[in-house]
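J.: The structure that follows is given in the form of structure tokens.
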Amino acid sequence: MTVKENLARIQQEIDIVCQRVGRESTSVKIIAVTKYVSDERAQEVLELGINHIGENRADEGVRKWQVLNGKGTWHFIGTLQSRKVKDIVDRFEYIHSLDRLSLAKEIQKRATKSVKCFIQVNVSGETSKQGISPSDLIQFVNDLKQFPFIEVVGLMTMAPNEDDPEETRPNFKKLKELQIEVQNLKLPYAPCNELSMGMSNDYHIAIEEGATFVRLGTSLVGNMNKV
Ligand SMILES: *Cc1c(COP(=O)(O)O)cnc(C)c1O
């Protein structure tokens, strides 16, 4: 399958799901996760008009960004070490993994303008997963007030990888509930209008539950490690 064929199939599925739950398909944005593929593949993604690119490692992400001349809108979706923030802030428009105040502090220190951040929430509570616990979220959002360059555009979660994607649904529902709680704080720096959730195997469920950004690697661009 080419990326073009994959995109057509995925877009069709997104249209069907959106229609079923009464959403506009344009409210769902696809992030092409290029971590498993070559620079050429990533280039192809941009040429097909997918503007959002996601990378989960700082060094590799910066390298790809440079190869592609920074074209497109870049999303940092992996665990972010504070010492890598300086390489990321001015290249990646979105950071999906804000999960601690020390990271917020470093972003504030290194950025030259407002940075769009998702707070990563560990909804499932798995110890292997990054993210802050749901019970700490509201305090965390309030604490971010001290960092004027941090804009909380939304929440992000990594759902557990289940054989039956239906089992991930409660995690997505919970993230939606948390989003509403944050929105209800009505903080100018935390509009929290976006939900980054859903990957190749469960994006249709995430969309039903309100995802506005889905992060697609394998199903869209393929995975060099799996051929
Ligand atoms: C790799 C990765 C993805 C994409 O995974 P696929 O299952 O290949 O679609 C999405 N989000 C994050 C945070 C990732 O690290």
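The values are calculated or read from the model by the stated rules, or taken from the named source; none is laboratory data. Keep in mind the model is a prediction, meaning the values are calculated, not measured. Glycine gets a Cβ as well: all are built from the backbone with ideal geometry, and neighbour counts include every protein chain shown. Side chains are part of the model used for accessible areas, which takes the heavy atoms of the whole protein and leaves out ligands, DNA and RNA. Shrake-Rupley method; radii C 1.70, N 1.55, O 1.52, S 1.80 Å.
J.: Could you grab the pairs with beta carbons closer than 8 Å, sequence gap of 6+ or different chains, first residue in region 170-181 and under 13 Å from Asn193 (Cβ atoms), second one aliphatic (A, V, I, L, M)?
T.: From region 170-181, the pairs are Lys176/Leu195; Gln179/Leu155; Gln179/Leu195.
J.: Kindly indicate whether any position in region 89-97 is surrounded by fewer than 23 Cβ atoms within 10 Å (Cβ to Cβ) and hydrophobic (A, V, I, L, M, F, W, C).
T.: yes
J.: Within region 175-227, track down each residue that is within 16 Å of the chain's Cα centre (by Cα), among the basic types (Lys, Arg) and more than 14 Å from the ligand (Cβ to nearest atom).
T.: Matches in region 175-227: Lys176 only.
J.: With the requirement that a residue be assigned to a loop (DSSP other than H, G, I, E, B) and open to solvent by less than 50 Å² (accessible area, probe 1.4 Å), what does region 113-157 give you?
T.: Matches in region 113-157: Asn122, Val123, Ser124, Lys129, Gly131, Ser133, Phe147, Thr157.
J.: Considering each residue of region 46-72, count those that are touching a Leu at 6+ places or on another chain (Cβ under 9 Å) and either open to solvent by less than 30 Å² (accessible area, probe 1.4 Å) or within 12 Å of the ligand (Cβ to nearest atom) (or both), and give that number.
T.: 5
J.: Determine whether Phe118 is touching a His at 6+ places or on another chain (Cβ under 6 Å), within 13 Å of the ligand (Cβ to nearest atom) and within 22 Å of Phe140 (Cβ to Cβ).
T.: yes
J.: Right, next: Assess whether Thr212 counts as being in contact (Cβ under 8 Å) with a residue 40 or more places away in the chain and either open to solvent by 10 Å² or more (accessible area, probe 1.4 Å) or of a type in the set (S, T, N, Q) (or both).
T.: The answer is yes for Thr212.
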